[in-house]
Structures are given as structure tokens and as C-alpha cells.
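The values are calculated or read from the model by the stated rules, or taken from the named source; none is laboratory data. Source: prediction; values computed, not measured. We place every Cβ from the backbone using ideal geometry, glycine too, and count neighbours over all the protein chains shown. Each accessible area value is taken on the protein alone, full model and side chains, heavy atoms only, with ligands, DNA and RNA left out. Shrake-Rupley method; radii C 1.70, N 1.55, O 1.52, S 1.80 Å.
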Amino acid sequence: MKRVFRLILAVIAGLVVGSLVNMALVMLSAHVIPPPAGVDTATTEGLKAAMPLFEPKHFLFPFLAHAVGTLVGAFIATLATPGRTCGPAWVVGAFFLIGGIAAVAMLPSPLWFSGVDLVFAYLPMAWLGYRLAARGQPPA
């Protein structure tokens with residue numbers, strides 16, 4: 001029972017830290033690459049209306065937020081896991097992937113971005129976060 005509790009806590013820690021990293025990068029994005037003039041990115045409705053005005057550069061930080069948030073979350077989950085097994089990292093990656101699918105369903109982003117985001121930002125980053133945290137450990 002103690003192991004199950006620790007695994008659940010590892011997943012929760014990974015989700016919380018990964019979400020904080022994701023949100024920090026999303027908040028930073030407008031300062032690094034400003035949205036088009038007059039665009040309201042604070043609401044879902046504003047984002048939907050502004051999506052046709054966005055250039056490819058405006059999608060860089062959302063991708064980085066999703067990828068780095070997942071990477072850090074999986075890394076933290078693996079570090080907090082007894083024996084540094086890969087299960088919690090995959091669970092964190094799956095939760096972030098579900099969030100990414102929901103975002104694609106809610107926001108009319110370009111098809112190229114949706115594909116790149118869903119294919120490269122979640123499960124590959126969960127695997128990489130696990131690998132980085134489990135360095136020096138025998139494969140699980």
C-alpha cells in the first residue's frame with residue numbers, strides 16, 4: 001500500500017510541477033513574441049477569434065510550454081518514484097496528452113500545429129523526462 005501511495009504522489013507531483021512550468025511559459029510567451037495588435041489572448045473566445053491572425057512564430061511558445069511542461073512533470077514523477085520506474089512518467093505524459101487533445105478540440109489551431117503538438121510534445125517528452133531522471137539506474 002505504501003508503494004501505491006508513493007506512486008500516486010509521484011504522479012500528482014509531476015502533474016503539479018509540469019502544469020506550473022507550462023503556465024509559466026504560456027505567460028512568458030506574450031512578452032517574448034507579442035500577439036498581433038488588438039488580440040485578446042486572455043479568454044478562449046479571444047483566442048478563437050485571433051487564431052487566423054497568428055503566424056507560425058506565435059505557436060512556438062505554446063509548443064514549448066506543452067513539451068517542457070510534460071518533460072519536467074515526467075522528470076519529477078520519475079525522481080519521486082520508488083526504484084525510478086517509468087509508469088508515473090507515462091501517466092503524466094498521458095494526462096498532458098489528454099489536455100492537449102482537449103485544447104485542439106476547443107481551439108481552431110492550424111492542422112500542422114495540432115499534429116506537431118500532439119505527436120511530439122507529450123509522450124516523447126514523457127519518455128525523455130523518464131530517461132533523464134533514471135540515468136544511472138538499471139532500465140525498468
Worksheet item: Roughly speaking, what is the stretch gain from V26 to D40, that is 0.36 nm per residue apart minus the C-alpha to C-alpha distance, in nm to one decimal?
Response: 3.6 nm
Worksheet, complete the sentence: Of every Cα-Cα pair in the chain, the percentage lying beyond 20 Å is 48
Fill in: Nearest-0.05 FRET efficiency for K2 and F63, computed from C-beta distance (R0 30 Å)
0.20
Discussion item. Could you work out [θ]222 nm for the chain from helices alone, using -39500 (n - 2.57) per DSSP H run of at least four and dividing by all its residues? Round to the nearest 500 deg cm²/dmol.
Written reply: -23500 deg cm²/dmol
Worksheet item: By how many nm would the segment from V119 to A94 grow when fully extended, if each residue of separation counts as 0.36 nm and the alpha-carbon distance is taken off?
Response: 7.8 nm
Item to complete: Work out from phi, with θ = phi - 60° and the Karplus expression 6.51 cos²θ - 1.76 cosθ + 1.60, the ³J(HN,Hα) of each residue of region 33-44, listed in order in whole Hz, and give x for Gly and Pro.
Response: 10, x, x, x, 4, x, 8, 9, 9, 7, 10, 4
Worksheet, complete the sentence: Residue-ordered couplings for region 88-99, obtained by feeding phi - 60° into the Karplus form 6.51 cos²θ - 1.76 cosθ + 1.60 and rounding to whole Hz (Gly and Pro as x), are x, 5, 5, 5, 4, x, 5, 4, 5, 4, 4, x
Worksheet item: What do you reckon, how do D40, D117 stack up by accessible area (1.4 Å probe), largest on top?
Response: D40, D117
Worksheet, complete the sentence: In whole Hz, the Karplus estimates of ³J(HN,Hα) for region 16-27 (6.51, -1.76, 1.60; θ = phi - 60°; x where Gly or Pro) are 5, 5, x, 5, 5, 5, 4, 5, 4, 5, 5, 5
Practice prompt. Could you check how much of the accessible area of the chain is carbon and sulfur, as a whole percent, using a 1.4 Å probe?
Written response: 75
Worksheet entry | Per residue accessible area of the chain, 1.4 Å probe, in Å² | 57
Worksheet item: Could you state the number of Å between the C-alpha centres of region 103-131 and region 9-77?
Response: 12
